[in-house]
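Worksheet: the structure to be examined is printed underneath.
The values are calculated or read from the model by the stated rules, or taken from the named source; none is laboratory data. From a predicted model like this one, the values you see are computed outputs, not experimental measurements. Please note: Cβ atoms are built from the backbone with ideal geometry, for glycine as well, and neighbour counts cover all protein chains shown. SASA here: full protein model, heavy atoms, side chains in, ligands and nucleic acids out. Shrake-Rupley method; radii C 1.70, N 1.55, O 1.52, S 1.80 Å.
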Amino acid sequence: MTPHHGLWLAEAHTPSPFFFVVLAIIFALSVTQLVSPRLFWRLNRPFQRPFVRDYDATEPSTKGYAVMRLTAGIVAAACLVFLVTALR
């Protein structure tokens with residue numbers, strides 16, 4: 001009996017299909033954040049309702065959106081590196 005190593009199949013040392021699904025979801029979210037960071041802020045508005053009185057006052061600044069884009073770019077690049085590494 002071989003031990004299970006999370007997202008990797010122990011027998012063949014290859015990633016499981018679940019790994020690729022999770023990676024694809026994270027990649028899609030990061031690319032969406034990279035292209036349009038305001039979209040996630042707008043989608044998050046209903047969840048802010050109990051905590052925020054003025055939505056426009058809580059919108060991130062231009063620098064805040066730049067940091068979000070930078071982070072999303074790093075995450076997207078990391079997803080691509082993981083994908084290339086896993087497919088070798």
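A few points about this structure:
- Whole-Hz ³J(HN,Hα) from phi, Karplus 6.51 cos²θ - 1.76 cosθ + 1.60, for the stretch 33-39, glycine and proline x: 5, 5, 7, 9, x, 5, 4
- Note on the stretch 12-62: Cα-Cα pairs beyond 16 Å make up 58% of the total pair count.
- Local electrostatic count at Thr32 - Lys and Arg +1, Asp and Glu -1, tallied over other residues with Cβ under 13 Å: +3
- 15 Å reach of a label modelled at Thr71, 7 Å along Cα-to-Cβ, counting backbone N of the stretch 15-59: 29-42, 44, 59
- In the full protein context, the chain carries 77 Å² of accessible surface per residue, based on a 1.4 Å probe and ignoring ligands, DNA and RNA.
- Rg ratio (alpha-carbon, reference 2.2 N^0.38 Å) - the chain: 1.49
- Using the average count of surrounding beta-carbon atoms within 10 Å as a protection proxy, the listed peptides 30-39, 59-68 rank, highest first, as 30-39, 59-68.
- The chain: relative contact order in percent, alpha carbon pairs under 8 Å with at least 6 residues between: 34
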